[in-house]
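Step one of this worksheet: look at the structure below.
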Amino acid sequence: NRANVYFRQGHYMRALADYSRALEIEKRTLGEEHVLVAKTKNNMGEALRVEGKLEEALQLYQESLVVLIKVLGASHVLVANTKNNIAGIYLKQGKPEEALQCYVEALEVKHRALGQDHADVANTIENIGVIFAQQGKHDLSLSKLQEALDIRIMALGADHVDVSSTQYKMALVYEEKGDPKT
């Protein structure tokens, strides 16, 4: 739809306006508790997050999460993705413990829904590793980042950009730790 095109082009407020119109139509025709309503709220939250409107984004993510759990159940991958989004907001707000809890919950769902070796599982594991790094828990961080790296190499191949990104994050942790391996 047009809102998604605007979002990909970086026109976040235009996207938000279109998402808002779509949300009103969806709520009127499908009701408040429908997966499409939840997805649209999630998209709106993304646009607001990118614009730095974290509280508004968080509110929409949380509303989306309630509907998704009610309609799809707590073990659905869309629930995990929404928890990931909420965790990202908490991290930006300087609430690493809340973010970590959301990431751990999302990871549990992703393991069940996608398996142990899925690239999306690696994304969440990497996010957990980043939190550990920010908390100065270097060994835990490196363990999680290595786990994410191994999954990414297996799922995406050694030459994928996400593999390089994880390696870079690991190098930063080694540097911060003062490890001569870097």
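The values are calculated or read from the model by the stated rules, or taken from the named source; none is laboratory data. The structure presented is a predicted model; accordingly, all values stated were derived computationally and were not measured. With ideal geometry, Cβ positions are generated from the backbone for all residues, glycine too; neighbour counts draw on all protein chains shown. Just so you know, the surface numbers come from the protein's heavy atoms only, side chains and all, with ligands and any DNA or RNA stripped out. Shrake-Rupley method; radii C 1.70, N 1.55, O 1.52, S 1.80 Å.
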Kindly indicate whether any position in the range 88-103 is touching a Ser or Thr at 6+ places or on another chain (Cβ under 8 Å) and crowded, with 16+ Cβ neighbours inside 10 Å.
-> yes
Working only within the range 1-31, note down all residues that are open to solvent by less than 40 Å² (accessible area, probe 1.4 Å) and of a type in the set (Asp, Glu).
-> Asp18, Glu26
Restricting attention to the range 32-47, does a residue exist that is open to solvent by 50 Å² or more (accessible area, probe 1.4 Å), touching a helix residue (DSSP H, G or I) at 6+ places or on another chain (Cβ under 7 Å) and within 30 Å of Gln134 (Cα to Cα)?
-> yes
Which numbered condition trips up Asp150, out of (1) at positive phi; (2) open to solvent by 50 Å² or more (accessible area, probe 1.4 Å)?
-> (1)
Residue that is over 19 Å from the mean Cα position of the chain (by Cα) and either touching a residue at least 12 places away in the same chain (Cβ under 8 Å) or within 22 Å of Glu55 (Cα to Cα) (or both), where the choices are Lys144, Lys177, Lys95, Lys83 | Lys177
3 or more residues at positive phi: qualifying helices (runs of 4 or more DSSP H) within the range 67-135 | none
Does the range 69-79 contain at least one residue that is open to solvent by 50 Å² or more (accessible area, probe 1.4 Å), out of contact with any strand residue (DSSP E or B) (no Cβ under 9 Å at 6 or more places or on another chain), closer than 25 Å to Asn127 by Cα and of a type in the set (Gly, Ala, Ser)?
-> yes
When residues of the range 21-62 are filtered for being assigned to a helix (DSSP H, G or I) and more than 21 Å from Arg2 (Cβ to Cβ), how many remain?
-> 7
Inspect the range 109-123 for any residue being crowded, with 20+ Cβ neighbours inside 10 Å, farther than 30 Å from His34 by Cβ, of a type outside the set (Ser, Thr, Tyr) and in contact (Cβ under 8 Å) with a residue 12 or more places away in the chain and give the result as yes or no.
-> yes
How many residues does the range 124-137 hold that are in contact with a Phe, Trp or Tyr (Cβ under 9 Å, 6 or more places away or on another chain) and open to solvent by 40 Å² or more (accessible area, probe 1.4 Å)?
-> 1
